[in-house]
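Structure first, then comments.
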Amino acid sequence: MLSQKVGYYSRSKRIRPKRLRVLQEKTSGEYPAWWRRLEWRPWGLLLEPVAREHATRVRRTLTPEIARWLGIGTVEDMRSGTLVWASEAAELARSGRGFRYLIYRDERFAGAIELRPDAVRGHIGYWLRRAERGRGTVTLANRFALLIAFDGMRLRAVDWTADEANEASIAVMQRLGGARVDCYRVRDLAHRRVEVRYRVERSRYRSDPTGPVTLRALLT
């Protein structure tokens, strides 16, 4: 869930966007319709596009545990890169190379989530504050991201990766319909030796009936 050069979460620097099919509807002449605050009140869930002014809040929230979870080195490494991570979010969204959101649950800051696409499928990465875990928050946030990936970008599938020992993240992937497609050793991630990859295909994904079943429903 890491890109060393471009962000914390999606380790996808090998991916190069080629052909992204997006909704014709735009909120402006530059950004796709989903690059705005996304809220579903029955869930108490809000995703807010990351902006430069969020850097201080995110930096203060990061902990050594989150750094270990993402497998990207020390928390000091993450904190030192937070301003760049926040500042480049709008340009990544405008170019279709990535969509970064802060997660809020019941008006409390909970964490962050990122969707990064290529020509065929995407990758979702995330982290969550300890105090917000165990409430289904990250599962619901992933459902928002999957609506963007499948309805908005028309991607065929979405992948997640996690440490083989991260049972909580693996449970989230499985809850969303993900199937394990790979397990491999990694050498370039701190605190992580074996990584698993899960994938959910658009044709097999099932929305939560208590939430938005289409992206359009989320945007209206």
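Structural remarks
- Of all residues in region 60-76, one or more are out of contact with any Pro (no Cβ under 8 Å at 6 or more places or on another chain), among the polar types (S, T, N, Q) and touching a residue at least 24 places away in the same chain (Cβ under 8 Å).
- A single member of Ala162, Ala149 is assigned to a strand (DSSP E or B), of a type in the set (A, V, I, L, M, F, W, C) and buried (at least 16 other Cβ atoms within 10 Å of the Cβ), and it is Ala162.
- Residues within region 104-124 that are surrounded by 21 or more Cβ atoms within 10 Å (Cβ to Cβ) and in contact with an Asp or Glu (Cβ under 8 Å, 6 or more places away or on another chain), tallied: 6
- Positions within region 160-184 being of a type in the set (D, E, K, R), out of contact with any helix residue (DSSP H, G or I) (no Cβ under 9 Å at 6 or more places or on another chain) and either in contact (Cβ under 8 Å) with a residue 12 or more places away in the chain or at positive phi (or both), in sequence order: Asp182
- Wholly enclosed helices (runs of 4 or more DSSP H) of region 62-127 bearing at least 3 residues in contact with a Lys or Arg (Cβ under 9 Å, 6 or more places away or on another chain) and farther than 27 Å from Val194 by Cβ: 75-87, 89-95
Just so you know, all these numbers are worked out from the coordinates, no wet-lab data involved. Computed from a prediction, not measured in an experiment: that's the story for all the values here. Note: ideal-geometry Cβ built from the backbone for every residue, glycine included; neighbour counts use all protein chains shown.
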